[in-house]
Every structure is written in structure tokens, then in C-alpha cells.
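Have a look at the structure below before the remarks.
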Amino acid sequence: MRFKQNSFNFRLLMGAAAVGFLAGNAPALAQEQDADESESRQATVVVTGFRDSLQKSLAVKKNETNIVDIIAAEDIADFPDLNLAESLQRIPGVSIDRVGGEGRQITVRGLGADFTRIRINGMEALATSGASDSSGGSNRGRGFDFNTFASDLFNELRVTKTTSASIEEGSLGATVDLRTARPFDYDAGLTAAASAQLGFNDLSEETSPRYAGLLSWQNESGTFGALVSMAYSDRTILEEGFSTVRWQDGNFASVGGAACPAGPECSLIDTNSGVYYPRIPRYGRLTHEQERLGLTGSVQFRPTDATTVSLDVLHSDFEGTREESYLETFMRSQENRFQVIDYSINPDNNTIEYGLFNVSPLPNGTHPIRSENRFDELQTTLTQYTVDVDHEFTDRLRGNLLAGRVVSEFDNPVQTTILLDAVGPVTGFTYDFRGNGNTPFIDYGSLDVTDPSQFAFTEFRDRPQYVDNTFQTVAGSLAYDLNDSLTVSGGASLKQFEFRTTEYRRESTFGSLVCPLPGVSCPAGATGLPVTADILKYVSGFGSGLGAPGGIDTRWITADVHAAAALIDAYGIPGVLQAGNDRRVEEEDLGGFLQLDFNTQLGRIPVRGNVGVRYVETTTTSTGQVSGTSVTVERSYEDTLPSANVTFEMRDDFFIRLAAAKVMARPSLGNLTPGGALDSFNGPSFRYNSGNPALDPFRATTYDASFEWYFREESLIALSLFYKDVDSFFTRASTVEVPYSQSGLPTSLPPASSPLRNLLDAGQDPLVEIRAVENGGSASVKGFELTYQQPFSFLPAPFDGFGFQGNYTYVDSDEIRGFSPNAYNATIYYEKDRLSARISAAYRDAYQTVAPTAAGRDEQGYSSTTNIDFSSSYKLNDNFDITFEAINLTDEFEQQVFDAGDLVNVYHHTGTEYLIGFRYRY
């Protein structure tokens, strides 16, 4: 796999040439206009819409001391994108991970979501959601899930890429601030806005409504104001594609009619050959139903001219269901059921790219070919309360007090899987990647996948899980102006964070039950239950826009999860608490800072900046399950974090910013548990992954430089350089392989249907690898960002309404995973009279998520992506706009890949979404 692509030199050359051309020609273009535009340049130009948003963002960036990028709302309750993560990806250095066609988490300058701290209205927060297993499953880490919020609730996103002593610790990458609207943001009197949109997805062919509104009032004296806002959406997402759940090698029953291992061709494709085949080749459809409701409330008052009090409330409720229907062949761990009749090896990637098989049933009569249907109920509820007080004690002394509480609760009370297994032998099963490496031809031979009589209801699984996060914060600070040039400030903060996750499992494999079941009629001794009409559904019309070869099955049987579960009283089966996901972390952070801000002259050069130090004590209490016993470990550590930021105003339009700091990010929540998780399915040596509550945090020294040329009004060319020297990066400890009987783990720990449990029940003592996480060696991240932004007002009418915003980021690291070496974002916009329109492209390189083994195989990651979106509006009058948007115009596929040959793991798409609507403002 080539995640660090050789395309860097080309893209860097092109990016540098483009910026150089623009930089070289911008003054000339300006000079050409001097004669006839000198008067107009002195006049105030009023801009609105997207261009106004860019202008606000540039003004903030220019006046900051730190390296900062922001995105501001275009209008009242009108954020530039439908999803917060998709807005953030337009900021240099930011890339996003998508789930079900929406942005979920962000990576900033090569560092993933766990290394980026998110604050809402000044207070640290953590929003969690769930996803399919291939997209990361339930979020049990520190990463923030942006898809839980509607973007309409916010009026500013701010990404601070360098730190100051006054900024709370906890990030190696950046601090992202999300800010909701407040009444003092608007003029006195009544302010109102409302919008409505109707979306249509060309894959699901479903419509999805979106509504948003804001109502704000402020008295004429500006001493009191109140605001409420609301955002609601109801969306259906259809996700279709092919997946393999990784690739592997194994030993087949026979090859070319000769039994293995003695057959002459067996060694060519057995475990020792290094030739891989897909573990579970399958076509699948995922149906996401999402309902998102967000509410904000804010009250502000000024009891005196020196005091401002802000009370803010945010509530978000994200409810959804997800149904995953797969038609699959479970080759993993069942290779001895497959007789290889014919095959073809691709020498370029060492895979069996084509195979023709006869498949024998298992001893209980069922078959590795199955229809799997999983149903999840998902809900994320986040509620935050904050009070923020600003007070000026004197003309020189002022203070701030912030207190708040935020609770995020993720519930996945139903995660139910029903399996329908084929019965009897199957001849002529075929998969063939020769025509297409992403969507192979699959034929099930003698098996009719639409005939329920050829399947049996064989297995039920339910895995409800829950994740709760709570933050409580009290922080206070004082700032004193020593003179016109120097300000000294200091403060203290106390943060209390609590994380708790639990998971239960209940399951039943009917091959181990005596039939008939109570209330169920089936032949005595039968394996599984007949697939009767009352539990039967069909997947139909599969494959639109997928690019799959002709002849694949577009219709197959599947189970009605609710009916199948009710048939056997599945939820009456007692749930078993899972030790690996029964864990808790309580964290208390007590910190303080001292900082000096300065604004002076160095010769004729204005210089401003800050220098300071932050000190923080962290105490963690981690609880987990070890062999059925709850174990709690407490530890503390301290950090002293100096920082400095300096901005040199070399000219009115050219700034140089320099920054250096020591930073820290606390260990991943999953790694802090004293317990562990057992992999009972992937033998022959099974794995027990253990946490380590004694982990030190990630610590790093960061260096930044930014060169910014504001060569015209609303225009910028900038180059930013960054280097992060990470002192303590986590690595896997050396593994210890022992017989299961010597591991100390109970025999009841493996699930009843797992291969490990079957071996134990058969009296065998299989090997288990015990792994733990420990602090490892150093790592580094380095790179640069190029930014160019300009309205093309120098062009003749009507082309003077065009403009451009774009950036390119290069990141390099030999140790850290999850980043794209090359990424760029580009937006071409048009703002003229009543019409506003823009088209945006976001590209990120392929990136690695799992490192290769010692043998150089089994690497995992994502392929490169380019997402293109379009947005437009037309102003009917001062109050009404008509809007039209198109999301994912090219129907970009999500492609997860495996091993050096970029073998497909997941190849799914979600279609293009079109939205038409209106906006009203008063």
C-alpha cells in the first residue's frame, strides 16, 4: 500500500507555481486598476453572503496574535455548510473522516481526533455517536463526533493552531471553538431568521426535510437580550457497495480435485504460500434513518457598564436507526469447507483474484453462505449549560469567570444481528475480481438466494452498548494593563471529566438448542428454524450506480430483525456484561497560568505577542474488569507548559508570526482501562488486548511560523510551517503467547459461538497472545500550508463577482498514522447583485490506519477522495432568498483498502443529495 504517495512533488510544484503566479501578478493587476479605481478603493464596499463570511474570517485572522483560522456564518443562523466537519475541512490543515456520507471527525495537521480539543462556548466538550463496524463503530475515545449537530446552531468555528498559556491544555493538534449565537451579536430590537429545505437523494430516492429558525431580542439600551434558535432535520441515507472484511490466507479442503494438503496444487494457495483471498466477500446495503434536533438559548445582561453576564444553553438530540443487509460467503475460518475447482492468481498483489468452488455444509447442515441483517437503534443526547461573566474592575483591571456542565450520552440499546444460513451443499460458487478490483462478479451457483426454503434461521446476536461523558468546568482569570504596551494575566481552572462505557451481549446459535423451541414449530433435531413468511424480507433493486458487473444478484432474502427476535423471545435472553467494554475513567485537571501580552515596536516594526507558562496537575481514576473482578487504579502526573507567540507587522499588509510551545494530550480513554478485550474469532493464536492505566500523556514541543501577505482587501497569500516533536508516543508492548489455561482468563469469557469457545469446549488449550499498550519512543510531524484567497473584482462585469478561496497542506511523519500527506480545498464563488453561488472541492490523499505486520503485510487504510459540493441562493428581496444545494456532486465512493496491493476492504457510496429551499430574515 502506498499511503505516502509519490504525487507530492507534482502537487507541490503545481501549488507553488499557482501561488507564485498569483503573488507575482497580484500587484500588477492592482496597478492596472489604480487609475480608474483609486476612488472606489477609498469607498466602503459592502459585501454579503459567502464573501462576507470570508471577509469576517480574514479580519479575525489578521488581528490575532496566535495562528488562527475561522469560519463565520454568512447570515443570521446561516452557516456555510450543512455539517460542521465539512465546514472545518475548508480550513488549511484540516481533513475529515466521513461516515454514511457525512463528516464525523477531523484530523488537524496530521493529528487525529484524539489529539484535538473541542470547546463549545468556551467549555471543553465531547460528543459521541455510533457507526458501522467498518467505519469505527461506537466512539469510545476522546475524538469529537461533529455529525451529532446541525450546523445552523453555530455562527462561528475557530481553529487555533498554536497555543498560549491562557488556552487550556489537552491538544497536540489544535483547539477548535464552536460558538452559538448570542443576543448581543445583533442590533437592538427584534431579529429573526427562518429557513426550510427539502432534500432528495438520487440513490435512496427519498426526500429529507430541514428546518431552522432564530429569534433574538435586545432592548434599546443594550442592557438585556434573549435568544432562542432551533434546527431540525430528518434524513434517509442509502449506502450500498462491496466489502471483504479484510483478506487472509488459509488451507482449503481440496484443489483441482486432490485433497489437501497432499494435492499437488494445494501448496500454491495454502497458508504458507502468502496468497490471500477475501475473508467474507459480500455485497451489502445500509439504510440510515437520522433525525437531528438542536436547540440553543441565550440570555445576556449588563447590570452595569462594566459587567456582562451570558447564560447559554445547548441541547442536541440525534436519533437514528441503521439496518445493514449483506449477502456474504463466510470463508474466514471455514476454508476446509471449500473445494477449489478452478482459480487464478494475480501475481501483482498475491491474491486469488478468481475462484470457482464447491462448498460442503458444516456438520450441523448449515452453510458458510449466509444472509446477514443487523439493526441498530442509536441516540446521542448532549446538553450543556454555561455561565460566562466579564467584569471591568477598573480601567486597567478586568476579569472573566466561566462555569458550566456538559453531558453527552450515547445509547445503542439495540444492536441485533439475525443470520440466515444456506443449508445443504452448494456447487459452483464463484467470485471474480479480474474485471473489477472493487466490485467483483459473484455467483452463488446452485444456491437460489431468493428461495427461503434453501436457508435456515440459525443465529441471533444482540450487543447493546452505552457511552456517557460528563465535563464540569470552573475557570477564572484576571488581566491587568501595566501600561499601553504590556498586559499581565493569570488564572486557574478546575475540570472534572467522567467517562463510562458498558456493553452487554446476548446470543443464541440454534445448532446448540433442542428443537422444537417453546412456541416454535420445527422438525425435531433440526438445525435452525425454517425461514417462514412472518420473518422474511427481501433486499431488492440493489446496485444502482455501483459499477458492478452484470449478472450479480440484485435481490436476495433477508430477515425481518424485529419479527425474528420476537419469534424466539430473543430479548428475554439474559445479557452478559462484556469485561473489555465495562470501564470507567474519572479525570480531574487542576491548572493555572501566567501570561504577559505585549504590543510594542522593534525599530519601526510593530510587534505584538504573548509569552507565558501553564501548569496542570492531572489525576485519573481508571476502572476495568480483569477476569471478572473490578479493578481500580489511580495515578497523577504534572505538566509545566511554556509557550510564546510573536507577530511582526513587517508592513501594513505583511505579517510574520512565530510560535513555540510545549503541549500535551492525555492518553486515549480505551488505553487507560486496567481491563482488556478478548478476540475470540481470529485464530489460530487468539489475542487479549489489555489497557494500561499507568500511561503517560502524549507530550510534544511544537514550532510554528506563518508568513501572511494581505495584498488587497479581502485577499491573502500565506505560507505556514509547522513541526511537532512528540516525546512519548504509544506503541504496542511485546506480546506474550501462552496457552489459554495459563492466561488467567476465565473459560466463560469467549462467546458461545466463537471458534475459541468451540476449541475450549472440545477440551483443547489454544494459544492466546496477551498484548498491552505502553509508552514508546519519540515521533515527529512536520509540514506546511499554502493559502490563497481573493475576490476577482478586477475583472470586467459581470465576471467581477467571481472569487477564489483555496489551500494546500503537506504533512509528513514516519511514526503517526491516520493522516493524508497531501490535501487541498478549493472554492470558486460568485457574488453579484442578487445571485450567490459557489462550488467547492476537498481532496485528501490515501492514509494509513493500521500499520503492516513485521512481514510487511496486512496494512490497512483509506484511498484518496475528492468531494465536490455546490451551493447557491437568489435574493428575491431584502427578506427572502431561494436556495439550492448539491452535496457530493460526483457521488464519491468510500474505499477502504488492505495490504500492499490496495485490496478492497470497503467500497461503498451514498449518492448525491439535492436540496431546494428558502430563507427569511427580519
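Please verify whether segment 101-108 includes one or more residues that are of a type in the set (A, V, I, L, M, F, W, C) and in contact (Cβ under 8 Å) with a residue 60 or more places away in the chain.
Yes, segment 101-108 contains at least one residue that is of a type in the set (A, V, I, L, M, F, W, C) and in contact (Cβ under 8 Å) with a residue 60 or more places away in the chain.
Test of understanding: among D589, D534, which residue is part of a strand (DSSP E or B) and either at pLDDT 95 or above or acidic (D, E) (or both)?
Just one listed residue meets the conditions, D589.
So which residues in segment 640-691 are hydroxyl-bearing (S, T, Y), buried (at least 19 other Cβ atoms within 10 Å of the Cβ) and more than 23 Å from K724 (Cβ to Cβ), if there are any at all?
Those that are hydroxyl-bearing (S, T, Y), buried (at least 19 other Cβ atoms within 10 Å of the Cβ) and more than 23 Å from K724 (Cβ to Cβ): T673, S680, Y688, S690.
Would you kindly identify the strands (runs of 3 or more DSSP E) lying entirely within segment 364-457 that contain at least 1 residues that are under 18 Å from V539 (Cα atoms)?
366-392, 397-423, 441-444
Restricting attention to segment 176-185, does a residue exist that is crowded, with 17+ Cβ neighbours inside 10 Å, in a helix (DSSP H, G or I), of a type in the set (F, W, Y) and under 36 Å from the mean Cα position of the chain (by Cα)?
yes
Only one of these conditions is not met by G551: (1) in a strand (DSSP E or B); (2) in contact (Cβ under 8 Å) with a residue 12 or more places away in the chain. Which number is it?
Every listed condition holds for G551 apart from (1).
If L889 satisfies every condition in (1) touching a residue at least 60 places away in the same chain (Cβ under 8 Å); (2) part of a loop (DSSP other than H, G, I, E, B); (3) of a type in the set (A, V, I, L, M) but one, which is the exception?
(1)
Only one of these conditions is not met by F784: (1) within 30 Å of the chain's Cα centre (by Cα); (2) part of a loop (DSSP other than H, G, I, E, B); (3) farther than 30 Å from P674 by Cα. Which number is it?
Only one criterion is unmet by F784, namely (2).
Cβ-Cβ under 8 Å, sequence separation 6+ or interchain: first residue in segment 907-922 and touching a residue at least 60 places away in the same chain (Cβ under 8 Å), partner basic (K, R). Which pairs?
These pairs meet every condition: L915/R210; G917/R210.
Step by step: first the residues of segment 280-332, then only those that are among the hydroxyl-bearing types (S, T, Y) and either in contact with a Cys (Cβ under 6 Å, 6 or more places away or on another chain) or surrounded by fewer than 17 Cβ atoms within 10 Å (Cβ to Cβ) (or both), then the one that is farthest from G122 (Cα to Cα). Which residue is that?
Residue satisfying both the conditions and the ranking: T321.
Which of the helices (runs of 4 or more DSSP H) contained wholly in segment 1-102 include at least 1 residues that are modelled with pLDDT of 75 or more and either among the polar types (S, T, N, Q) or over 25 Å from Y211 (Cβ atoms) (or both)?
49-63, 84-88
Which members of segment 567-582 meet the condition of being in contact (Cβ under 8 Å) with a residue 12 or more places away in the chain and in a helix (DSSP H, G or I)?
L567, A570, Y571, A579, G580, N581
So which of R282, R292 ends up being under 22 Å from R434 (Cα atoms) and touching a strand residue (DSSP E or B) at 6+ places or on another chain (Cβ under 8 Å)?
After applying the criteria, what remains is R282.
All but one of (1) in a strand (DSSP E or B); (2) modelled with pLDDT of 95 or more hold for G861; which doesn't?
(2)
For E831, are the conditions met, namely being among the charged types (D, E, K, R) and under 30 Å from G691 (Cβ atoms)?
No, not satisfied.
Name the residue, out of S813, S864, S872, that is closer than 26 Å to Y907 by Cβ and of a type outside the set (F, W, Y).
Answer to the check: S864.
From the list V474, V414, V389, V406, which one is under 38 Å from the mean Cα position of the chain (by Cα), of a type in the set (V, I, T) and buried (at least 21 other Cβ atoms within 10 Å of the Cβ)?
Being under 38 Å from the mean Cα position of the chain (by Cα), of a type in the set (V, I, T) and buried (at least 21 other Cβ atoms within 10 Å of the Cβ) holds for just one of V474, V414, V389, V406, which is V406.
How many of the residues making up segment 865-886 are assigned to a loop (DSSP other than H, G, I, E, B) and either of a type in the set (V, I, T) or in contact with a Phe, Trp or Tyr (Cβ under 7 Å, 6 or more places away or on another chain) (or both)?
Count: 1.
In segment 858-877, how many are farther than 12 Å from I839 by Cα and either without any contact (Cβ under 8 Å) to a residue 60 or more places away in the chain or within 16 Å of the chain's Cα centre (by Cα) (or both)?
Within segment 858-877, residues that are farther than 12 Å from I839 by Cα and either without any contact (Cβ under 8 Å) to a residue 60 or more places away in the chain or within 16 Å of the chain's Cα centre (by Cα) (or both) number 10.
How many residues does segment 191-244 hold that are charged (D, E, K, R) and more than 26 Å from T321 (Cβ to Cβ)?
Adding up the residues that qualify gives 1.
Can you name the condition, by its number, that G803 falls short on among (1) part of a strand (DSSP E or B); (2) at pLDDT below 95?
Of (1) part of a strand (DSSP E or B); (2) at pLDDT below 95, only one is false for G803: (2).
Only residues that are surrounded by 18 or more Cβ atoms within 10 Å (Cβ to Cβ) and either closer than 30 Å to D858 by Cβ or polar (S, T, N, Q) (or both): list them for segment 882-891, please.
Once the filter is applied, which keeps residues that are surrounded by 18 or more Cβ atoms within 10 Å (Cβ to Cβ) and either closer than 30 Å to D858 by Cβ or polar (S, T, N, Q) (or both), segment 882-891 yields T883, N888.
Check off (1) over 31 Å from the mean Cα position of the chain (by Cα); (2) assigned to a helix (DSSP H, G or I); (3) under 25 Å from T502 (Cα atoms); (4) not β-branched (V, I, T) for A564 and give me the number that stays unchecked.
A564 satisfies every listed condition except (3).
Do we find that Q339 is over 30 Å from the mean Cα position of the chain (by Cα), under 30 Å from R210 (Cβ atoms) and part of a strand (DSSP E or B) in this structure?
Criteria not met by Q339.
The values are calculated or read from the model by the stated rules, or taken from the named source; none is laboratory data. These numbers were taken from a predicted model, which means no experiment stands behind them. Using ideal geometry, Cβ is built from the backbone for each residue, glycine included, and neighbour counts are taken over all protein chains shown.
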